[in-house]
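Here is the structure we will look at, set down as structure tokens.
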Amino acid sequence: MRERSRAALGRSPRNRSVPRPPVLSTRGRRVLYGAGAAFCAALFTVSGAQPTTRGAVEASAAVLPPSAAPATPLPEDAGAPTLQVLSSRPDAVMGGTALVRLGLPSGTAPDRARLTVDGEDVTDALRAVYLDGAGPALEGVVTGLPEGGSTLVASLSGLRTRLTVTNHPARGPVFSGPHETPFVCDTDSFDLHGGGTLGPALDEDCSAPTVVRHMYRTAGGAWAAMPDPDRVPDDAARTTTSAGAEVPYTVRVETGTANRAIYETAVLFTPGADGPDPWHAPEGWNRRLVYKFGGGCKGGWYVQGSKTAGVLDDGMLSRGYAVASATLNVFGFNCNDLLAAETMSAVRERFVLAHGAPDLTLGWGSSGGAYQSHQIADNYPGLLDGVVVSQSFPDVLTSLVPAAADALLLDTYAREHPDALTRDQQLAVSGFPSWRSIGRMAREAVRIDPRGTCRDRVPDELLYHPEDNPGGARCELFAHTVNVYGTDPDTGRPRRPLDNVGVQYGLGALLDGTIDVDAFLHLNEHVGGIDADGQVVSERTVADPGATAAAYRTGRLLNGGGGLARIPVVDHRTYLDDSPNGDVHMRYHSFATRERLRAANGTADNHVMLVEARGSGGFSASAPVAGRALVELDAWATGILERRGEHPRAPAADRLRAARPEWLTDSCWVGDAPRRRVVGEQLPLGDGSGDTCAEAYPVHSSPRMVAGAPPASDVIRCRLVPFDADAHPAEFTKEQAERAERVFADGVCDWSAPGEGQQGLAGTWLRF
């Protein structure tokens, strides 16, 4: 593990040059147990005796190809073989194909092991490989698995090991629940690199043939299609990767469909080289996969999507990173982190079957891509080993949606009562950085309006209308997540974890004297709520108790105590709070994530904030700060792997702290270009605090936080207590107190208590 952990800065041990066996294979075909295995058997079998010399093991390393995935050493006293699925979790296989490993106890001849699937011998699908630190093993691609459960049995000298594998259709679902309908295919509008499209879908699940194109980076810094995929173009650039390999800058791009999404993968690949297959990794690949998540949310339902987050990324590919993305990992096409997690699992499986398993998979996403990175890492641990997020929110449900809903209520109130509050007072009630932010945020509430934004490709006759088509497709978040929240049996509408009962809007503005008691009461008397059709009404919004509990239990509200607690999180932010026309990407959301990590784990040492000004390079792997963040995240995650091998029983938090690179610490960049880096813990302090970063990049809040909600923004429905004028921090006259009791007849929020239905995760890798 020590040698492997240096791969971020040096050559990966699995890319070493070793003689290869003469029997090769292609992806998806069964691999013959050929000359390499026969040599190994001859090497290890002498008159039936087991190997006893170190020289035999060293010889096996010289003649066997490296394994298709990082090694998992067997216990020293292991007597039985082991079984692993390397391409996915055993219960999440898709399309009937799995890359498997049969691990051998020390000193065992590979030709003695057998593998069966539901009683059928498939040993001929295996080849002998060498595992760093563990010796020989058998690996291969097993095909034709039936849908449902299958039993793999590894046999060796009378000992047997069983592994249950569950196979799912290539179109899904695996764990996200029943497919959404309608669902519009976009294969004919998906542009391929090098020209053309995927063409018309082959079936109602939007399947399309897999297409491989070869692209290259010219010496002038442009992307171009390779005229001859078997020859490096004369004007191709060269690049030196993070693993130290100098290779032609030529790239293999694979495009296909999985889980009803269109996916792309890209990796450096030199024409004429062996493979690709799981045992012949491209020379330029640094054994890391960056999975890119795209942003958005509005309109993110009922379509396959026509773009990924982009895989021809010079800042990543030039360093040797493989890059993957899919249309359903762009929130503008699919605003559902659960389906996004399933799609990522499917695409990563396709990549592993083509190239072998990466040593690390790193997430990269901004805005809606940050939602996905956070929640996939937390709810489906093992898919991501570290993430770089930008313009982040903890999740869509409890960060942007309540702020947008409250902004819509405040904006509507101001228009209906134009003389009630001045602009400065409205701003104080909102907590936002500028008055224009109220209207800007109010427009974001369209994502909870069933007649809001749908993609043009969804036919109008299929869409919801309260009178004309009440059973139509609702273009809103809660309908898109109905597999989690369920429907109301009386109305058929999706249940909603959305609430504002008892919220004292403008409480902070009242306490600091910006508004008086009468203005405070008038606001709360008339602010209203949002009904099931996304319209502002006079009654407050009441959350469905079942949907509220489900949001907590299933991780739709980011918990932070699942898989996210065990991986590094680098939170990069280009400061947009001071945008002239307002912006939804406010800095306080980063602190909400940090507070949730602290609440769940007692520490947020795995969370680093980096803040810079607009115009500083932005979120690009080619930019100075964000690009450096990716390289340092790689080093951090690599260090964790090293320490996991050296100290397997050490607490994960200790490994995270010990492995964190010195450069990765809370920082901001201030002043004119070239900007000065200021290192120090990021604090949510106001102007005049004396903190350089807080003064350069002030942290604002939201209407709910002005009303007293905690910075973690993790309360869906607050616990209510009766309004008590004597206990209230503001002073009320007798008449005002009586009025307040009527305004808050249901009670006021007690933010010091957990919310109604607030609870921990029910577990990870949940199914719906």
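The values are calculated or read from the model by the stated rules, or taken from the named source; none is laboratory data. On a predicted model such as this, the values are computed, not experimentally measured, just so you know. Please note: Cβ atoms are built from the backbone with ideal geometry, for glycine as well, and neighbour counts cover all protein chains shown.
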Hey, which of the helices (runs of 4 or more DSSP H) in the stretch 667-759, taking only ones fully inside, have at least 3 residues that are more than 27 Å from residue 394 (Cβ to Cβ) and of a type in the set (A, V, I, L, M, F, W, C)?
734-743
Within the stretch 680-725, of all residues that are within 19 Å of residue 506 (Cα to Cα) and among the charged types (D, E, K, R), the one surrounded by the fewest Cβ atoms within 10 Å (Cβ to Cβ) is 724
Return the total of residues in the stretch 471-484 being assigned to a loop (DSSP other than H, G, I, E, B) and either touching a Pro at 6+ places or on another chain (Cβ under 8 Å) or touching a residue at least 12 places away in the same chain (Cβ under 8 Å) (or both).
5
Quickly run through the stretch 362-395 and pick out the residues that are buried (at least 24 other Cβ atoms within 10 Å of the Cβ) and of a type in the set (A, V, I, L, M).
362, 370, 376, 377, 384, 387, 388, 389
Looking at the stretch 638-655 only, could you name the residues that are in contact with a Ser or Thr (Cβ under 9 Å, 6 or more places away or on another chain) and modelled with pLDDT of 90 or more?
638, 639, 640, 641, 642, 643
All but one of (1) in a loop (DSSP other than H, G, I, E, B); (2) within 30 Å of residue 175 (Cα to Cα) hold for residue 275; which doesn't?
(2)
Do the conditions hold for residue 666, that is, is it acidic (Asp, Glu), surrounded by fewer than 22 Cβ atoms within 10 Å (Cβ to Cβ) and touching a Leu at 6+ places or on another chain (Cβ under 7 Å)?
no
If we scan the stretch 745-755, do we find a residue that is aliphatic (A, V, I, L, M), surrounded by fewer than 17 Cβ atoms within 10 Å (Cβ to Cβ) and farther than 21 Å from residue 497 by Cβ?
yes
The stretch 632-680, residues that are acidic (Asp, Glu) and under 14 Å from residue 385 (Cα atoms):
632, 634, 642
Would it be correct to say that residue 187 is surrounded by 15 or more Cβ atoms within 10 Å (Cβ to Cβ), in contact with a Leu (Cβ under 7 Å, 6 or more places away or on another chain) and either among the aromatic types (Phe, Trp, Tyr) or modelled with pLDDT of 95 or more (or both)?
yes
The one condition residue 297 fails out of (1) in contact with a Leu (Cβ under 8 Å, 6 or more places away or on another chain); (2) surrounded by fewer than 21 Cβ atoms within 10 Å (Cβ to Cβ) is (2)
Name the residue that is modelled with the lowest pLDDT, counting only residues in the stretch 250-272 that are part of a loop (DSSP other than H, G, I, E, B) and surrounded by fewer than 24 Cβ atoms within 10 Å (Cβ to Cβ).
272
Could you tell me whether the stretch 601-609 includes any residue that is surrounded by 22 or more Cβ atoms within 10 Å (Cβ to Cβ), assigned to a helix (DSSP H, G or I), among the polar types (S, T, N, Q) and at pLDDT 95 or above?
no
Could you tell me whether any residue of the stretch 491-501 is modelled with pLDDT of 95 or more and in a helix (DSSP H, G or I)?
no
Looking only at the stretch 211-242, which residues are surrounded by 15 or more Cβ atoms within 10 Å (Cβ to Cβ), part of a loop (DSSP other than H, G, I, E, B) and either out of contact with any Pro (no Cβ under 8 Å at 6 or more places or on another chain) or without any contact (Cβ under 8 Å) to a residue 40 or more places away in the chain (or both)?
232, 233, 237, 241, 242
Among the residues of the stretch 619-665, write down those that are in contact (Cβ under 8 Å) with a residue 60 or more places away in the chain and assigned to a loop (DSSP other than H, G, I, E, B).
619, 620, 621, 622, 623, 660, 664
Taking the stretch 58-111 and keeping residues modelled with pLDDT of 95 or more, assigned to a loop (DSSP other than H, G, I, E, B) and either among the small types (Gly, Ala, Ser) or crowded, with 21+ Cβ neighbours inside 10 Å (or both) leaves 86, 87, 88, 95, 96
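Here is a yes/no grid of residues against (1) of a type in the set (Val, Ile, Thr); (2) under 20 Å from residue 637 (Cα atoms):
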site: 287; (1), (2): no, yes
site: 294; (1), (2): no, no
site: 306; (1), (2): no, no
site: 315; (1), (2): no, yes
site: 347; (1), (2): yes, no
site: 363; (1), (2): no, yes
Note on residue 456: of the conditions (1) part of a loop (DSSP other than H, G, I, E, B); (2) touching a residue at least 12 places away in the same chain (Cβ under 8 Å), unmet is (2)
Out of the stretch 528-561, which residues are buried (at least 22 other Cβ atoms within 10 Å of the Cβ), assigned to a loop (DSSP other than H, G, I, E, B) and in contact with a helix residue (DSSP H, G or I) (Cβ under 7 Å, 6 or more places away or on another chain)?
555, 556, 557, 558, 559, 560
